[in-house]
Amino acid sequence: MTALEWLDSLQGSGIRPGLSRMRALLRRLGNPHQAVSSIIVAGTNGKGSTSATLASILEAAGYRTGIYTSPHLVDIRERWVIGGAPIDPTLLDESIWMMKGAAEASGILPTYFEALTLIAFIAFARASCELAVLEVGMGGRLDATNVVHPIAALITPIGFDHMEYLGHTLRKIAAEKAGVIHRGAVVLTSNRDEPIVSVLRKRAETFANAFHVIPAGAKVPLSPLVGDFQRDNIALAMRTAEVLASRLTRITPEAIVRGVAATRWRGRLERYVIGGKDVRVDGCHNAHAAAAIAPFIAANMGTPRTLVFGIMSDKNVGAVAAILFPLFSRIITTDPYPPRAEPALTLAKIAGEYGAEAIVEADPESAIRRALASDARSVLVAGSLYLAGAAIALLDAIREERGEKSS
């Protein structure tokens, strides 16, 4: 059995909130999470973009930085990026075997997500990273990443998601996210709704931590990340770097601008030009994310538009559909991850209710190829990060074959 095969065997372990397993395994491993200064990023949407921007700024400032995000889109190595590149395969294997040894010695089998997080701590320490940017998986208080005592805690926009675990009101969800705030961490948020901000501020005040709310309309330099909603993510990362500059003295205004310009984060309104069509891929998987990209679609994607759509059944499918479906004249529904996906036939029935031409194509690759072969001027592939990953793998291959561009 290879290291990756053993790691993959942990899939299906489910969600088991709590930090006791993580702490016990980290002790067995010599507490590698304490070897690197950490910045933790929680929230509902925008965590990945914010994390990627901040890590890019830190790299531009000359800090060897590890960034841990989830999920991956095409290759699992995307989850751990060190010095701007996906983790070295040998380092990944070594980290997995170390974790497996700790699990066997302690008699504690981690969940899949706990294992992925342990790999981050092991690998970043072994790679002599100076800083680690950690994207929280779900919630915050009981998330596997929340074993660190970060120098900064960032909270991106909070909305309704994972309510069965986090609560059914924004205040309860915010309280779970606020659990990543620990003594000594500067706290920054791009949330501005007072009920949410008050929860975050109260937690910060418990530890007498500095607390910053990113103002609306903050000016940011040009970035590869498109969409007005990305402005807040970029501004949050920039302000974090500015605040930390007194401690991380290599950070300069010039490094911040260079880092923003060098940011790469795939599957977020990522653009391809295929056969003269404007093709965008976005992993939006909840209503908050759909609402964020809708203005960009309306303003920047020409008509007629085709949507290739697939989404997990545990999401608020109706709310996402209500935002996206009216923007498209044709909707091709698909099953990006059949065990958990809302059936394509069900999605097609919903699409018909919005007056769109509805086509069922269960296989994601077939659905995307059908959209590319249509008379659509613009194509959006959206609704799930699983679908975004499938789209990127296919469109990268097509682009390479045809010699066409992405941006």
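FYI, it's all coordinate maths here, none of it is from the lab. Owing to the predicted nature of the structure, the values given are computational and were not obtained by experimental measurement. Cβ coordinates were reconstructed from backbone atoms using ideal geometry, including for glycine residues, and neighbour counts include every protein chain displayed.
Computed values, structure above
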{"quantity": "Estimated 222 nm signal from helices in the chain, with DSSP H stretches of n ≥ 4 weighted -39500 (n - 2.57), rounded to 500", "calculated": "-13000 deg cm²/dmol"}
{"quantity": "Relative contact order %, the range 3-261, counting alpha carbon pairs below 8 Å whose residues are six or more apart", "calculated": "26 percent"}
{"quantity": "Environment charge at A218 (Cβ cut-off 14 Å; Lys +1, Arg +1, Asp -1, Glu -1)", "calculated": "+1"}
{"quantity": "Relative contact order computed over the range 270-402 (Cα-Cα under 8 Å; 6+ residues apart), in percent", "calculated": "35 percent"}
{"quantity": "Flagged links, alpha-carbon separation over 24 Å, of K172/K202; K172/K219; K47/K315", "calculated": "K172/K219"}
{"quantity": "Under the Karplus curve 6.51 cos²θ - 1.76 cosθ + 1.60, θ = phi - 60°, whole-Hz ³J(HN,Hα) for the range 115-127, x wherever Gly or Pro sits", "calculated": "5, 4, 5, 4, 4, 4, 5, 5, 5, 5, 5, 5, 8"}
{"quantity": "Correct choice for mean projected area of the Cα convex hull in nm² that was computed from the model, options [x] 25.8; [y] 19.1; [z] 23.8", "calculated": "[y]"}
{"quantity": "Karplus (6.51, -1.76, 1.60) ³J(HN,Hα), θ = phi - 60°, over the range 4-18, in Hz, Gly and Pro reported as x", "calculated": "5, 5, 5, 4, 5, 5, 7, 4, x, 6, x, 9, 10, x, x"}
{"quantity": "Label zone at D375 (point 7 Å along Cα-to-Cβ), backbone N below 19 Å, the range 332-353", "calculated": "332"}
{"quantity": "Helix 287-300 vs. the chain, principal-axis angle (Cα, 0 to 90°, nearest 10)", "calculated": "50 degrees"}
{"quantity": "The range 198-250: Cα Rg divided by the 2.2 N^0.38 Å rule of thumb", "calculated": "1.34"}
{"quantity": "Amide H partners (placed H, <5 Å) of V308, local residues excluded", "calculated": "I332, L380, V381, A382"}
{"quantity": "Gained length - V273 relative to K349, 0.36 nm times residue gap less alpha-carbon distance", "calculated": "24.4 nm"}
{"quantity": "Using θ = phi - 60° and Karplus 6.51 cos²θ - 1.76 cosθ + 1.60, couplings along the range 150-159 (whole Hz; Gly, Pro as x)", "calculated": "x, 7, 8, 10, 10, 10, 7, x, 9, x"}
{"quantity": "Anchor K100: aspartates and glutamates whose Cα lies under 18 Å away (excluding residues fewer than 8 positions away in-chain)", "calculated": "E5, D8, E114"}
